[in-house]
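Asks: One structure follows; several queries about it will come next.
The values are calculated or read from the model by the stated rules, or taken from the named source; none is laboratory data. All values derive from a computational prediction rather than experimental measurement. As a convention, Cβ positions derive from the backbone with ideal geometry for all residues, glycine included, and neighbour counts pool all protein chains shown. Calculation scope for accessible area: heavy atoms of the full protein, side chains included, ligands and nucleic acids excluded. Shrake-Rupley method; radii C 1.70, N 1.55, O 1.52, S 1.80 Å.
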Amino acid sequence: MMILKKSAVAILLFCSVSAYAQNDKQIIVQTRHVSLVLTIGKSGRVYQSYFGKRLLNTADYAQLNSTKHEAYITGGMEDQFEPAIKVTHADGNPSLELKYINTISSHSGDDATETVINLKDPKYPVEVALHYQAFDKEDVIKAWTEIKHDEKTPLLLTNYASAMLHFDAKKYWLTHYHGDWAWEMKMQEDELTTGNKIIDSKLGTRADMYEAPLFMLALNKQADETNGEVVAGSLAWTGNFQFQFEMDEHNSLRVISGINPVASEYHLDAGKTFTTPAFIFTYSNQGKGQASRNLHKWAREYGITDGTKPRMTLLNNWENTGFKFDENELVALFDDATKLGVDLFLLDDGWFANKYPRDNDKAGLGDWEENKAKLPHKVEYLVKQAETKGIKFGIWLEPEMVNPKSELYEKHPDWILKLPNRDENYQRNQLVLDLTNPKVQDYVYSIVDNMMTNNPGIAYIKWDCNRTMSNTYSPYLKDKQSQVYVDYTLGLYHVLDKVRAKYPHLLMMLCSGGGGRTEYGALKYFTEFWPSDNTDPLERVFIQWGYSNFFPSITISAHVTQWSKTASIKYRTDVAMMGRLGYDINVKKMSDAEVQFSKQAIKNYNRLNNVIWYGDLYRLISPYDEDRAVLMYVNDTKSKAVLFNYFLNVRYKAQFNTVKLQGLDPQKNYKVEETNMMDGIKSNFNDSGKVYSGDYLMTVGLNLSAGKILPQTSNVIEITQQ
Ligand code: DGJ
């Protein structure tokens, strides 16, 4: 995470200077299977001389002597391509040179090693520290940069990348993930050519709406799930990001990852440290599947709140009631939740504001007291009622926003991001609060804190954010408007830090009008995210597939709804079961058979969720390749697996081969049993109950397409060691 602090680079416990230098000229950052080698050149500059598969013999690194690519290229000097850092000094000099001072290494636990390479300008009092935290078991490296100076006036930072990586491959294929509301995470893969390809966002709050801060880069040849060299990268930043992929005339590629330099000039005061967000990346020479599994493991251990702890199934009311409900109707919905057998009821938008009641999206945001007509006995009553009925209660908040029709707007017009002398610009009839302002930060924190203090029984919060930043101006920042996007995100983190300090284990869903915020900067504070408002299972297969490249299933909230007019309850449920299962449905409109099926499905999910949440994911057949998607999760002892098979809108006479499984133990025998079946829905799997060796299942495979295939049909198959 990015922080500004007044101090020198912290020297951690158990640290050693140059502990990881192979020789005087080399710094090796390494995990179990990956290494990044940096070389200190004769000039004192630091170069990246290797990144890829870890070599078997450490001594071999001594052979590496390339000083072709400076590790963190500075702007304004002789390099004429994109720099990692560009500054202007107090005297107007627009250049920086960075020379090596020392390396400090430290360990936290037996898994993580942090290497800090300290660099300094020989002529100006500017220091830059490159941080690389290597997670051994997960093969993940987290890189970030600290910048500080001692000049007389603030140093102007125009580019300040989190990390720079260099590649010398024959060819490069970039996969990025783009979309829009209800259309998130479309995977697109293209070969890179000479020049500069930029993947970025300038949207501020809801930064990931069009492009997610995630990429996969295949080296030399196109990678698939099991073959090829892949780098998977992600910027942990809840704001404007930029990845630059610049390929030069010699086919060298530099990848610069960080806060978007567009509209982000930063005035850094002397003595303060600017810490960039982290760039989190992994390398795999066994295709994209391994890269995803590395990131999933890292995320559960280090990247999200309580990644190794359980989640709750829930019933949400948004798709069912919208803004129209009262406390009696809600309490009746609690009965629906208990009827289904879920753990929690989640009350969505529409429960608050009195002067301008929140009866639609035009009013009330900012006024977070219970609406007297809808909730005369307040949230407290709902929490108690839920408790009586044996379920937990959760609530929706959108703390960063305000409707012009609200008391907050009337009381604090100076707390809002909006341009002077211009008309206000609305998205969903709302404006963004100025989180650069400490008073606004306190107010936003108090929304959560008051809710939790008044209702300590609340077990879940859905934190929404339904607009991007446009026509942006901060009354608080005055002449430092170029910092508004960065300081906004820092302000948000300040609030979330306080929330987590007081409520460390509260379940919290990160939502942004669907998947407008899906990255590890915010996820650190959350237990799960809302991937998309689109819950049509056909679309969800693609959307969840895209997210699965970077996020473990425990973070991917997936609800069974009535969005689709064609899919059976079984298909909708099977698709939601590959993530954190929930419901957002009018239970009263479900048939008895549908309710019975759902009750059993929730029991099945509770039996299998350990494997789904914490298991290794193997994507077997992509919906981008065939009219079906097949994936499986395998637990770490390889004693249990769960396979999901989804036929899409199958074309006439489509041919489907048997599916070879992955991740099992070839020496073990496994029983394969179909579960989540529903009366009246035919299965195309005829081998339920049979026992096979892991070797057979992975070499020959399973026939999941016996007989005529109907569109939008699915299977959940339990695979158990005998
Ligand atoms: C957008 C979210 O994505 C929905 O799930 C819902 O919470 C609405 N906001 C409520 O306004």
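Asks: Within the set of other residues whose C-beta is less than 15 Å from the C-beta of residue 106, count the net charge using Lys and Arg as +1 and Asp and Glu as -1.
Replies: Numbers: positive: 142; negative: 110, 111, 114, 136, 146.
Around residue 106, the surrounding residues sum to -4.
Asks: How large a share of the accessible area of the chain, in percent, is made up of carbon and sulfur atoms when the probe is 1.4 Å and the other protein chains stay in place? Numbers along the way, then the final one.
Replies: Values: 13320 of 27070 Å².
The C+S portion of the solvent-accessible surface of the chain is 49 percent.
Asks: Next up: Report the label-to-label distance for residue 419 and residue 686 in nanometres (one decimal), using points 7 Å from each Cα along the Cα→Cβ vector.
Replies: With each label placed 7 Å out from Cα toward Cβ, I get 6.7 nm.
Asks: Could you do me a favour and compute the accessible area per residue for the chain, 1.4 Å probe, result in Å²? Mind showing how you got there, number by number?
Replies: Numbers: 27070 Å² over 722 residues.
Computed with neighbouring chains in place, this is 37 Å² per residue.
Asks: Now a separate question. Going through the cross-link list 42/120; 640/668; 478/524; 152/480; 123/152, which pairs have a Cα-Cα distance over 20 Å in this structure? Mind showing how you got there, number by number?
Replies: Numbers: 42/120 15 Å; 640/668 11 Å; 478/524 31 Å; 152/480 18 Å; 123/152 14 Å.
With Cα atoms farther than 20 Å apart: 478/524.
Asks: Exactly which trypsin sites (Lys or Arg not before Pro) in the stretch 560-605 are in a DSSP loop and have at most 13 other Cβ atoms within 10 Å? If you can, show how the numbers build up before the last one.
Replies: Working: sites: 565, 570, 572, 580, 588, 589, 599, 603; in loops: 565.
Answer in residue order: 565.
Asks: So, one more: The chain: D in µm²/s via Stokes-Einstein (Kirkwood Rh, Cα pairs, 20 °C, 1.002 mPa s)?
Replies: Estimated via Stokes-Einstein, D reaches 80 µm²/s.
Asks: Taking 0.36 nm per intervening residue step and subtracting the Cα-Cα distance, what contour gain separates residue 111 from residue 429 on full extension?
Replies: Values: separation 318, 0.36 × 318 = 114.48 nm, distance 4.77 nm.
Using 0.36 nm per residue and subtracting the Cα-Cα distance, I get 109.7 nm.
Asks: Ok, one more. Order these peptides, 44-50, 108-114, by their mean beta-carbon neighbour count within 10 angstrom, highest first. Can you show the working numbers first?
Replies: Working: 44-50: 20.3, 108-114: 14.4.
Final packing ranking: 44-50, 108-114.
Asks: Shape verdict for the stretch 642-700, please, from the Cα gyration tensor: rounded (a/c under 1.5), prolate (a/b greater than b/c) or oblate. Could you put the intermediate results ahead of the total?
Replies: On the way: a/c = 2.54, a/b = 1.48, b/c = 1.71.
Oblate, since a/c reaches 1.5 and b/c is not below a/b.
Asks: I'd like to compare 168-180, 550-562: which one has the highest average count of other Cβ atoms within 10 Å, and what's the full order after that?
Replies: Working: 168-180: 17.6, 550-562: 25.2.
Packing order, densest peptide first, comes out as 550-562, 168-180.
Asks: Let me ask something additional. State the answer as a single residue: which of 611, 451, 182 lies farthest towards the positive end of the charge dipole of the chain, with beta carbon charges of +1 for Lys and Arg and -1 for Asp and Glu, about the Cα centre.
Replies: 611
Asks: Specify the inter-centroid distance of the stretch 72-92 and the stretch 490-510, based on alpha-carbon positions, in whole Å.
Replies: Computed from Cα coordinates, the inter-centre distance equals 36 Å.
Asks: Shape verdict for the stretch 138-251, please, from the Cα gyration tensor: rounded (a/c under 1.5), prolate (a/b greater than b/c) or oblate. Intermediate values should be presented prior to the final figure.
Replies: On the way: a/c = 1.93, a/b = 1.33, b/c = 1.45.
Oblate is the answer for the stretch 138-251, as a/c is 1.5 or above yet b/c matches or exceeds a/b.
Asks: Turning to a different aspect of this structure: Classify the stretch 496-615 as rounded, prolate or oblate from the Cα gyration tensor: take a ≥ b ≥ c as the square roots of its eigenvalues, call it rounded if a/c is under 1.5, otherwise prolate when a/b beats b/c and oblate if not.
Replies: Since a/c reaches 1.5 and a/b is larger than b/c, the shape of the stretch 496-615 is classed as prolate.
Asks: Something else: Enter the Cα centre distance for the pair the stretch 341-366 and the stretch 25-40, rounded to the nearest angstrom.
Replies: The distance from the Cα centre of the stretch 341-366 to that of the stretch 25-40 comes to 52 Å.
Asks: Mind ordering 453-461, 474-482, 649-657 by average Cβ neighbours within 10 Å, highest first? Provide the component values of the computation, followed by the final result.
Replies: Details: 453-461: 17.2, 474-482: 14.9, 649-657: 11.3.
So the order, starting with the most tightly packed, is 453-461, 474-482, 649-657.
Asks: Quickly estimate the mean residue ellipticity at 222 nm for the chain, helices only: each DSSP H run with n ≥ 4 gives -39500 (n - 2.57), and the total goes over all residues, rounded to 500.
Replies: Working: 12 runs with 135 residues, N = 722.
Rounded to the nearest 500, the figure is -5500 deg cm²/dmol.
Asks: Sticking with this one: Quick one: net charge of residue 222's neighbours, Cβ under 9 Å, K/R +1, D/E -1?
Replies: Details: positive: 171, 221; negative: 189, 191, 224.
Taking every Cβ under 9 Å from that of residue 222, the sum is -1.
Asks: Now for a different question. Can you pull a Stokes-Einstein diffusion coefficient for the stretch 19-303 at 25 °C (0.890 mPa s), Rh from Kirkwood over Cα pairs, as a whole number of µm²/s?
Replies: Details: Rh = 19.2 Å.
In µm²/s, the coefficient rounds to 128.
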